[in-house]
């Protein structure tokens with residue numbers, strides 16, 4: 001360094017770490033993205049060839065899927081003094097699902113469904129079942145579809161340790177739900193203390209006095225609705241609604257594969273559908289974003305579907321089945337709040 005020269009300023013350790021981190025991110029991006037540029041280009045080519053009539057059929061099937069959810073909700077609360085239409089049930093489902101997706105989770109979905117049903121004159125018992133029974137039946141249906149899909153993968157010799165873990169998860173989900181149902185039917189004397197404890201906790205959170213009589217009436221109506229739904233054969237309508245919901249959702253995916261020019265048979269469709277959906281519902285990630293898409297694309301890749309086709313089909317499917325209903329549900333919240 002000469003006498004007239006300025007002193008050299010070295011970067012601080014924080015800047016060094018920042019630059020080093022940026023360099024790593026850029027290096028990993030180049031390493032992972034460059035080999036996939038050809039796949040991305042192929043996926044764009046596939047997207048440009050999607051057949052519009054079959055896309056319209058896929059969207060129609062998704063609408064019918066939500067109407068199946070509306071039928072499910074209507075069948076659960078059919079004992080209410082003021083029954084509602086299937087379309088109204090579908091709108092309630094879309095709105096409650098959006099609230100749950102935005103952070104409330106299962107409790108948010110069930111709670112908003114209960115609140116909106118009560119605002120429409122539905123008794124507390126059927127409204128409580130309307131909040132929880134659709135969630136349980138839809139998850140149970142997905143568990144059964146997941147089991148069938150995993151058995152298909154075993155027959156095709158495409159099984160792995162990860163899929164074995166998914167099989168255990170599906171069994172636990174289905175078994176846990178059935179155990180909760182049986183416990184509620186066989187331990188009715190314990191429902192009141194449990195409901196009292198929950199109401200006390202909620203009252204403390206809201207800093208309001210608890211009404212013991214209201215809790216007793218709610219439990220009595222819940223058991224009456226439970227008996228009508230389970231013991232008197234009233235489960236058939238809700239079960240049919242859950243089957244319609246899942247069936248038309250799978251039909252959406254089938255139409256999208258046809259639109260991409262790569263039809264799949266029923267076994268392949270089932271094998272790649274159930275497990276990703278179930279994992280998406282059981283994760284804490286917003287709407288299972290990333291989990292559903294990655295798992296579904298990977299499974300269909302194992303089953304021989306070209307990656308570019310599966311990527312396009314799954315992304316469009318998620319647009320129809322998740323993003324559009326979520327945005328529509330958010331827009332419906334003011335309408336559902338004011339329509340009392």
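The values are calculated or read from the model by the stated rules, or taken from the named source; none is laboratory data. Because the structure is a prediction, the values reported are computed rather than measured. Neighbour counts are summed over all protein chains in view; Cβ atoms, including those assigned to glycine, are modelled from backbone coordinates with ideal geometry.
Tell me yes or no: at least one residue of the range 232-247 is in a helix (DSSP H, G or I), within 23 Å of residue 47 (Cα to Cα) and touching a helix residue (DSSP H, G or I) at 6+ places or on another chain (Cβ under 8 Å).
Checking the range 232-247: not a single residue is in a helix (DSSP H, G or I), within 23 Å of residue 47 (Cα to Cα) and touching a helix residue (DSSP H, G or I) at 6+ places or on another chain (Cβ under 8 Å).
Is one or more of the residues making up the range 238-251 at pLDDT below 90 and either farther than 23 Å from residue 124 by Cβ or surrounded by fewer than 23 Cβ atoms within 10 Å (Cβ to Cβ) (or both)?
Scanning the range 238-251 turns up at least one residue that is at pLDDT below 90 and either farther than 23 Å from residue 124 by Cβ or surrounded by fewer than 23 Cβ atoms within 10 Å (Cβ to Cβ) (or both).
Output yes when any residue across the range 68-85 is modelled with pLDDT under 85 and within 13 Å of residue 324 (Cβ to Cβ), and no when none is.
For the range 68-85, residues modelled with pLDDT under 85 and within 13 Å of residue 324 (Cβ to Cβ): absent.
Go through the residues of the range 127-134 one by one and say whether even a single one is part of a helix (DSSP H, G or I), modelled with pLDDT under 80 and either buried (at least 22 other Cβ atoms within 10 Å of the Cβ) or on the phi > 0 side of the Ramachandran plot (or both).
Yes, that holds for at least one residue.
Residues that are under 21 Å from residue 240 (Cα atoms), within 16 Å of the chain's Cα centre (by Cα) and either at pLDDT 85 or above or surrounded by fewer than 20 Cβ atoms within 10 Å (Cβ to Cβ) (or both): does the range 110-118 have at least one?
There is at least one residue in the range 110-118 that is under 21 Å from residue 240 (Cα atoms), within 16 Å of the chain's Cα centre (by Cα) and either at pLDDT 85 or above or surrounded by fewer than 20 Cβ atoms within 10 Å (Cβ to Cβ) (or both).
Just wondering, is there one or more residues in the range 255-277 that are over 24 Å from residue 76 (Cα atoms), at pLDDT below 85 and part of a loop (DSSP other than H, G, I, E, B)?
Among the residues of the range 255-277, not one is over 24 Å from residue 76 (Cα atoms), at pLDDT below 85 and part of a loop (DSSP other than H, G, I, E, B), which makes the answer no.
Looking at (1) over 15 Å from the mean Cα position of the chain (by Cα); (2) part of a helix (DSSP H, G or I); (3) farther than 21 Å from residue 286 by Cβ; (4) at pLDDT 80 or above, which is the one condition that is false for residue 122?
It is condition (2) that residue 122 fails.
Inside the range 300-313, can you point out the residues that are in a helix (DSSP H, G or I) and in contact (Cβ under 8 Å) with a residue 60 or more places away in the chain?
302, 307, 308, 309, 311, 312, 313
For residue 325, all conditions in the list (1) within 20 Å of the chain's Cα centre (by Cα); (2) under 30 Å from residue 122 (Cα atoms); (3) free of Cβ contacts under 8 Å to residues at least 12 places away in the same chain hold save one; what is the number of the exception?
(3)
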